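The values are calculated or read from the model by the stated rules, or taken from the named source; none is laboratory data. If you're wondering where the values come from, they're calculated on a predicted model, not measured in any experiment. Ideal geometry is used to build each Cβ from the backbone, glycine not excepted, and the neighbour counts take in all protein chains shown. For accessibility, only protein heavy atoms count, side chains too; no ligands or nucleic acids. Shrake-Rupley method; radii C 1.70, N 1.55, O 1.52, S 1.80 Å.
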Amino acid sequence: MARKRSESFEQQRSEILEKAAMLFAEAGFHAASMASLAQACGVSKALLYHYYQDKEHILFDVALSYVERLVAIVEESLGSELPASPTQAGVALERLIARFLEEYRHSQYRHIVLVQDVKHLPEPLREPVLEKQRQVVRAFAGVIAALEPELAATALLKPVTMVLFGMINWTFTWLRPDGPLSYEAMAPIVTTMFVAGVHALAKREDLMQRFAMAPERARGTDEAAVPTLQGEQG
């Protein structure tokens, strides 16, 4: 039976991940070495190797722990079922956007790492992170489909979902906590603009017809093509 790790071990590892995320985000994965990571974490190189065998596994834990937090936010916000009506979907979408904006506000280094550095992981480590990202994208797409069901029968649902992530993913680069617009205020603004745009798009019969899909594809059989948060196709 494996021995349970102590609280101090987990605390030290958590601190390592926080410092490593900052270094990866600011210097880039390739520029970071185990020596520079140890220095950034305030530990010896030998102690760092006690926790991680290489920097790829540090990157993996930074990315996976962060995207698991995003999955948890989705589950907390939506519960076990998707919204049953467009009205409920609008409420759920604003709640999701608000929660994600708040998380992005406090996790900017981890978010940069997730978007920019996961591609450097070897396939066995990269795929679990990408699949968690797809899980998040699927959930948002499901809410958007409930908001405007006609989109679900077209090839536009995934691109429209990614447009929403494009609106919120990098707010921490320009939205300042001491500025006139808060993160809390931004959520209803984004939701209002996005919902209005989705409804307007659904009224464009030319686009709905142009991008209409065959029924079997519209039912979501093409799961492998669900993009990740950075738009990478599965």
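Please determine whether any residue of segment 2-13 is exposed (fewer than 13 other Cβ atoms within 10 Å of the Cβ) and modelled with pLDDT of 95 or more. No, segment 2-13 contains no residue that is exposed (fewer than 13 other Cβ atoms within 10 Å of the Cβ) and modelled with pLDDT of 95 or more. Is it fair to say Phe24 is closer than 16 Å to Val129 by Cβ and either open to solvent by 50 Å² or more (accessible area, probe 1.4 Å) or outside any helix (DSSP H, G or I) (or both)? When the stated conditions are applied, Phe24 does not pass them. If you go through segment 34-61 and keep only what is open to solvent by less than 50 Å² (accessible area, probe 1.4 Å) and assigned to a loop (DSSP other than H, G, I, E, B), you end up with Val43, Tyr52, Asp54.
Could you say whether any residue in segment 211-223 is closer than 30 Å to Ala63 by Cα, assigned to a helix (DSSP H, G or I), open to solvent by 60 Å² or more (accessible area, probe 1.4 Å) and at pLDDT below 95? For segment 211-223, residues closer than 30 Å to Ala63 by Cα, assigned to a helix (DSSP H, G or I), open to solvent by 60 Å² or more (accessible area, probe 1.4 Å) and at pLDDT below 95: present. Within segment 75-83, identify whether any single residue is of a type outside the set (Ser, Thr, Tyr), at pLDDT 95 or above and not in a helix (DSSP H, G or I), and answer yes or no. So far as segment 75-83 goes, no, none of its residues is of a type outside the set (Ser, Thr, Tyr), at pLDDT 95 or above and not in a helix (DSSP H, G or I). Every condition in (1) modelled with pLDDT under 95; (2) surrounded by 12 or more Cβ atoms within 10 Å (Cβ to Cβ) holds for Val190 except the one numbered (1).
Restricting segment 114-141 to residues that are under 19 Å from Leu82 (Cβ atoms) and within 10 Å of the chain's Cα centre (by Cα), the residue that is surrounded by the most Cβ atoms within 10 Å (Cβ to Cβ) is Gln133.
To keep it simple, each residue is scored yes or no on (1) in contact with a Leu (Cβ under 6 Å, 6 or more places away or on another chain); (2) in contact (Cβ under 8 Å) with a residue 12 or more places away in the chain; (3) over 30 Å from Met22 (Cβ atoms).
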position	(1), (2), (3)
Val113	no, yes, no
Lys132	no, yes, no
Gln135	no, yes, no
Gly142	yes, yes, yes
Glu148	no, yes, yes
Ala152	no, yes, yes
Val160	no, yes, yes
Leu164	no, yes, no
Arg176	no, no, no
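Only one of the numbered conditions (1) touching a strand residue (DSSP E or B) at 6+ places or on another chain (Cβ under 9 Å); (2) closer than 26 Å to Leu64 by Cβ is violated by Thr154, and that is (2). The listed residues are Val43, Val74, and the only one of them that is within 17 Å of the chain's Cα centre (by Cα) and not basic (Lys, Arg) turns out to be Val74.
Exactly one residue out of Arg99, Arg69, Arg105 is charged (D, E, K, R), within 14 Å of the chain's Cα centre (by Cα) and farther than 22 Å from Ile189 by Cα: that is Arg69.
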